[in-house]
Every structure is written in C-alpha cells, then in structure tokens.
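Novice: Right, I'll just put the structure down here and ask away after.
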Amino acid sequence: MAIDFDPCRPQEFADPYPFYRALRDEAPVHRSQSTGALCISRYDDVLTVLKDSETFSSSAMRTFLMNGGAASKPRFNGAAVRMLLGLIFRARINPFTIRTGRSLIAEDGAPHGEMRGIVNRGFTPRQVTRWESRARELVAESMQPLDHGRPFDLVRDLSVPLPVHLICEVLGIDGERHDDFKHWSNVLIDFAAGPGRDKPVQSEAVEAFLELSVYLSQIARQRKRVPGDDLVSTIVTSSAGKSGLSIQETVNFVTLLLVAGNETTTNLIGNAVDALLDHPDQLRLAANDPALVSGIIEETLRYDAPIQLLFREATRDTEIAGTPIAKGTFVAPLIGSANRDERRFEDPDRFDITRQAQGHLGFGFGAHFCLGASLARLEAGAALEPLVRRLEKLERTEPTERIDSFLIRGPRRLLLRPAA
C-alpha cells in the first residue's frame, strides 16, 4: 500500500505503532510529502543517524521546534512583532540572535561539548542523589488525595507537579512561581509540538515566551552578581578558569530544561502507569517485587517513549539503507519506531518489565543523549515505587486520552478510582 507519513502529524495519536511497523516493513526511509523530511524507522538506521552528529546536525531541532513543526518559518504577524520588541525592551535580549545563538539542543561538535561541559556542572551524580529525598517528599505530598480515597488524576496530581516543583527548586526558583512555570511550559510545548502547521506566531505563545524570558534573564543576571547554591548560579558563573553561559544561553538552556525535562518525566510516569494498567500480569509482578521498578522505567522508555522523534539535517551528501540523502535534507529519526523494531527487540509490541531493554533509544543516543536522564529516572522511580503497591486496587475511570502532539507522547489525564 502507498504510505504517506507526516512526522509532524501522526495519523493516530492514540496508537502510532502500526504506522511505524508499516514504515519499517515497506518504506524504512520514507520521504514525507508535507515536510520533505526523510523519516527513518528501523533501529539500526536511527542509531546511525544519532551516532553521527557530524553528518546529521541537530540544528534541525531549532528549525522544527521554533517553527512549530514546520521546516519553513512561521508566518510573521503582530504577535511576532510584540515578541521582538518585548525581548529587546523587557528581557534586554537581542531577539535576532535567538535563532543563531548557542543552544544545547541545536549545537554539534566542539560548541556542543563546551556547553554540555558547563551545564554538566549541575548534574553530577552527587547532586542528583541529593535530589532523591526531596523527590520522595514531593511524591508523598502529591499522593495524599489517593491515600484518602479522594478523586485522583495521576497527571494533574502527581506526574506534572513532581518534575515542575523539583526542577524549580534545583534552579532556585521561588515556590510561588511554580504554577507560572508549568503554564509557560504547557503553552510553549503546545506551540512547538502541537498538531498545527503553517500557523502564525500566536499571542499566547508570545506572551508565555516573553514572561519566561524576562523572568529567567532577571534571575540569571542576579545570580551572576550574587551566586547561590542552585543550578542557575552554577551555569552562569566561571569555574576552573572556564566561563559560564551568557544570559541568553542561560535563558535558552533553562527553557529547554523546563519544557523537555518536565514533559519527559511527566509522560514517562504517565505512560508507565497506563501500560501497567493495560497489562495486569506485569502489574502483579511489580507489586510483588519492588526491585522491578527500574525494569518498568526502562521498558516504558522502550515500549512507549515520551519523546517519539527527533530532527536532524544532513551536512553532506550521504545515504541511509541505500537511499541517497542530499546535503541540506531534513531527517526525522523515529525513536518510537526504532524501539519497537523486531529486528532489535524480540516480540517488541509486548510490554515486559523483566525484559533486558538495554539499547533502547528512549533518551536518545550519542553526543545528544538526554542530559537529564538520571534525574528523570530518579523522579520516575520515586513516583512508581509507592504507586505499584496501590495500582492493583485502582482502575481508570475513562479511556486514556493522549496529548495532541507530534513530539510528546503521554496521557492528557489519567483518572483513577478504587476498583469495583
């Protein structure tokens, strides 16, 4: 059959995996008619793209996310003008360098290594371990409605507030701004990864981006003058003779951490619980053996990854699986498909928490392997350990509705109640 897969508008948000299988079997290197991007669906080919950052540049991430899922620029309108003026006069940031300034997600080679070396200062194993006890405290607070038999939305009550509150504390953000941070994150992810394309710059997205940029630029300038014991201070100050990030780079990085980091953890937890409820045999295993929580996390990252795809741009003429790829071509390595490739994982559509899932690409691979992977695993573990003991006595009140996004995969809400 003829396949026309659009990576920015998956045909079925509820279950994209049959489409991925069709791509792997019939068109492993598929050119999307709507975007022109080449969709790469088999594990080995996706791994090749992710490993070779010299040939496949991550600069395409900036193009697609800043343009709301399109290879071309969004239409310029009054809201865009307000954004430019607001960045200049409110945030004191040069708006014309945002697309060209250094960003961790869009850099390669030495510039990426230098930036990653700076931000890695805030993600040492010792620091991540320090956050574990606080994560468990936040989980206990969030689960109080469930413990008292009240209505419980896993997304609203646990998987959203946990990463938002923890990352705000890590950044040294005032507690009263936590709700603002989640609002900004929601609006920006909806614009960057929602289903629309060729849309004008939206007023709500502009205002959210401006508010976040103004707040973060003020925090960065303040911490540069008077450093504290927080992540922003760590990345803006000099260390061992090396400079920190600039104000704009700090804004870019924290925005990435807020949007990508929070959404990854939120949807990792949501997808894990949803899969466990769909597979009661696996839930029973987990309830009887808490040591399997790490297996739940890794199998969820493989089986139903929170981030479904990435974007790259070919820096030279090359080929994948015998298909010529011209310099400048956009490539979409499909993480969600690679993790279900039967050529790499036996019986890949089966959710098996005892599986040896090593090698999954749920956090990417290579130079751009997810910086916050250890933190996401920590948060998911803190949430799932107490949850698996309760889930056998709970049930969903409605079918799971998925987030309407080409990039992010997870439940919009997951309402739980005592099982009948």
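Novice: Calculate, in nm to one decimal, what N288 and H148 gain on full extension: separation in residues at 0.36 nm each, minus their alpha carbon distance.
Specialist: Gain on extension, N288 to H148, equals 48.1 nm.
Novice: Label points 7 Å out from Cα along the Cβ direction at E385 and E114: separation in nm?
Specialist: 4.1
Novice: Then there is this: Looking only at Cα atoms, what is the convex hull volume of the stretch 244-335 per residue, in Å³?
Specialist: That works out to 162 Å³ per residue.
Novice: Here's a follow-up. For K51, go through the aspartates and glutamates and keep the ones whose alpha-carbon is under 13 Å away, minus same-chain ones fewer than eight residues off.
Specialist: In chain and number order, the partners are D108.
Novice: Quote to one decimal, in nm, the extra length available between E176 and E137 on full extension: 0.36 nm per residue of separation minus the C-alpha distance between them.
Specialist: My answer for the length gained is 12.2 nm.
Every number in this text was worked out from the coordinates using simple rules, so none of it is lab data. Note that the structure is a prediction, hence the values are computed from the model and not measured. Cβ atoms come from the backbone with ideal geometry, glycine included; neighbour counts cover every protein chain shown.
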